[in-house]
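The values are calculated or read from the model by the stated rules, or taken from the named source; none is laboratory data. Just so we're clear, the structure is a prediction, and the values are computed from it rather than from any experiment. We place every Cβ from the backbone using ideal geometry, glycine too, and count neighbours over all the protein chains shown. When the accessible area is computed, the model is the full protein with side chains, heavy atoms only, and any ligands, DNA or RNA have been set aside. Shrake-Rupley method; radii C 1.70, N 1.55, O 1.52, S 1.80 Å.
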Amino acid sequence: MHAVRRRALTLACALFTFGVFSSPSHAIVSSNLNDSVFDGVNINQLIGAEDFYALGYAGSRAVVANVEAGLIWNGHDDLAPHLVTDPLFGTQSFFPGTVSQYIFDPSIGPQENLYDYHATMVGDVIGGFGSFNYGYILQDSQGTQYNTAWGYGIAPLAQVWSAAIATSWNPDPTSDFTGSFNISQQSFTYAYRTTMETGINGRRADVINSSWGYDDPDGSANETKVIDALAYAYHQTVVIAAGNHDPGTNPAVTGPASGFNSISVAALSSDTSNPVYGYVADFSNRGVNDFTNPKVLGGTVPESRVAVDIAAPGDNFTLAAYLGLTGGHTSNDQMNLDPSVLSGTGYYFLNAAGTSFAAPVVSGAASLLVDLGYDRFNGGTSVDGRVIKAVLLNSATKIAGWDNGEAYDSKGVLRTSQALDPSTGTGMLNLHSALLQYTGGTTDVPGLSVNSPHVAIHGWDFATSTPGINNDYYIDDTVTAGTPIAATLDWFVDRTSTDDYLTADDVSFADLDLEVWLVINGVPVQLIATSDSAYSNVEHLYFPAPLTGEYMLRVLYFGDAYNPSDPSAWTPESYAVAWMVPEPSTIVLMICILMPIALGRRRGYIG
């Protein structure tokens, strides 16, 4: 197949400066808040990941695959196999290294030519282990304990697979680094099929992260459809960077994040704002995207679908630097680094910025949920991509200016046909709330269909919506007026491949709606709110309860955005729904960040 040129989602700028710093690295920290570039905002703590670590969940039961242009370099201090020493007790543990499998079509190898600076930074965010200091005890699924405080990515004990798709990189005459590369149908398909379909040693990846992209405002490009088709068939959590736009250009979400069966991630800034990571980064792509009905000639509805699902910190990161002249580091002319720097294992890029780094924050978060899901719920539907997405989206924190278009109609019903905020989706990633959402109440109603169950004030369910039958969830507690009600519904669009994922076809797109009703004496009497977007496979509501009383959620099959023939072809659709009615004291504002780039070296490494 011919090579296809694709624009990578990389850094907001390609300018690097160089310095030497004596402080040990905190694996995922920001660069600017304090005196040292290694003493900035602790991103893991900010998003609530440490709640999972304290319970012994650091990703050890999860497999997360990073699929992008190049490979994660396993030689950096944060990523390489090494003995780690507890500075308090002097005990040692062996860290096997972040990357457990490398995946690429043989035609684009060898492996040593595919190591890439961008992939290495992304890998550091997902599962770097870094320097070793006394702190939380992390335990993997084999019972091995790691005592660590700062040296970790979001899911430091996850099995990380690194997959490459680039056949070549396109040098940038203004920079030593490039974010532009070429792919072939073969290189693309091999990486995604291996991670999502065939797997390795009988195991498929649970979470797939992709921090790359190309113009595709309606999600109709073949690569976008193939990734959607794989997710539809194998039910993984797919997380994709929403894309970075230059000033004055189209800010719509790019492919493959413009697809339907993934989590599209926007970036938040900055580490010096108040609150930190309290607003959407200027470069972060946002909706509203187009929708195209493949069953109707010329059936494109411009700017009709919000494509961002959630936001996470994506600015001012201090991340592992790969400086070898492979992958996207195409020359050494402007940096003029000596050979000792090029081969150094302890250097860091400073102020790394881009949705490329917000996406792996969410992928790491999803891996923590998957780890917990395998342990607490024995996997199954609890680790289905639709459930993980519903939990992460519903537990997100609203930031200033959040607006999903909710407004009262003429009958006094709060209604949104938009569902999501164009810039942040449901808001900022919040693992404090996600832990409560995932484990603190109802955890799946038995069976794939429901019969008006009574549920806790927090919870989630994986079920099936059938045309003509409403699925009702009665919240088994009184909700006080003014208490926020959050509810999220998501499902997959049927995109299917018949040629081993070389291409994929649009088969059908169910149109489900989400409603909240007031209940009196066990009977739903008044529709309070509804999310009924016509071209999205996510519905979301967030509003204060108007009255003290009992409430009910309803999932209904409204129709089909498109199907093979006519309404008689409608078939039951599997979905996940999550809901949360927090007490006011449990509402926690979380924040995140993004920016340019410099280079620093860590000294004083322990281990």
For this session: Please specify each residue of the stretch 214-241 satisfying the condition of being surrounded by 24 or more Cβ atoms within 10 Å (Cβ to Cβ), out of contact with any Leu (no Cβ under 6 Å at 6 or more places or on another chain) and either more than 10 Å from Gly259 (Cα to Cα) or hydrophobic (A, V, I, L, M, F, W, C) (or both).
Result: Val226, Ile227, Ala229, Leu230, Ala231, Gln236, Thr237, Val238, Val239, Ile240
Problem set entry | Test set (1) open to solvent by 10 Å² or more (accessible area, probe 1.4 Å); (2) small (Gly, Ala, Ser); (3) modelled with pLDDT of 95 or more - Gly522 fails condition number | (3)
For this session: Starting from residues that are closer than 26 Å to Ile457 by Cβ and modelled with pLDDT under 90, keep the ones in the stretch 547-583 and report whichever is nearest to the chain's Cα centre (by Cα).
Result: Pro582
For this session: For the stretch 531-559, name all the residues that are charged (D, E, K, R) and within 23 Å of Ile263 (Cβ to Cβ).
Result: Asp532, Glu539
Problem set entry | Matching entry among Asp35, Asp51, Asp39 (being at pLDDT 90 or above and among the charged types (D, E, K, R)) | Asp51
Seminar exercise, completed: Checked the stretch 286-295 for anything part of a loop (DSSP other than H, G, I, E, B) and of a type in the set (A, V, I, L, M, F, W, C); matches are Val288
For this session: Mind listing whichever residues of the stretch 242-256 are in a loop (DSSP other than H, G, I, E, B) and open to solvent by 10 Å² or more (accessible area, probe 1.4 Å)?
Result: His245, Asp246, Pro247, Gly248, Thr249, Asn250, Pro251, Ala252
For this session: Using the structure shown, decide if Thr355 is open to solvent by less than 10 Å² (accessible area, probe 1.4 Å), β-branched (Val, Ile, Thr), closer than 26 Å to Ala205 by Cβ and at pLDDT 90 or above.
Result: yes
For this session: Might you check whether a residue that is part of a strand (DSSP E or B), surrounded by 19 or more Cβ atoms within 10 Å (Cβ to Cβ) and at pLDDT 95 or above occurs anywhere in the stretch 403-412?
Result: no
For this session: Given the conditions (1) at pLDDT 95 or above; (2) open to solvent by 10 Å² or more (accessible area, probe 1.4 Å), report the number of the one that Val122 does not fulfil.
Result: (2)
Exercise. Could you list, in sequence order, the residues of the stretch 376-402 that are surrounded by 14 or more Cβ atoms within 10 Å (Cβ to Cβ), polar (S, T, N, Q) and not in a helix (DSSP H, G or I)?
Worked result: Ser395, Thr397
Exercise. Would it be correct to say that Pro446 is in a strand (DSSP E or B) and either open to solvent by 20 Å² or more (accessible area, probe 1.4 Å) or without any contact (Cβ under 8 Å) to a residue 24 or more places away in the chain (or both)?
Worked result: no
For this session: Quick one: Ser262 ticks every box in (1) touching a helix residue (DSSP H, G or I) at 6+ places or on another chain (Cβ under 8 Å); (2) within 18 Å of Asn430 (Cα to Cα) except a single one, so which number is it?
Result: (2)
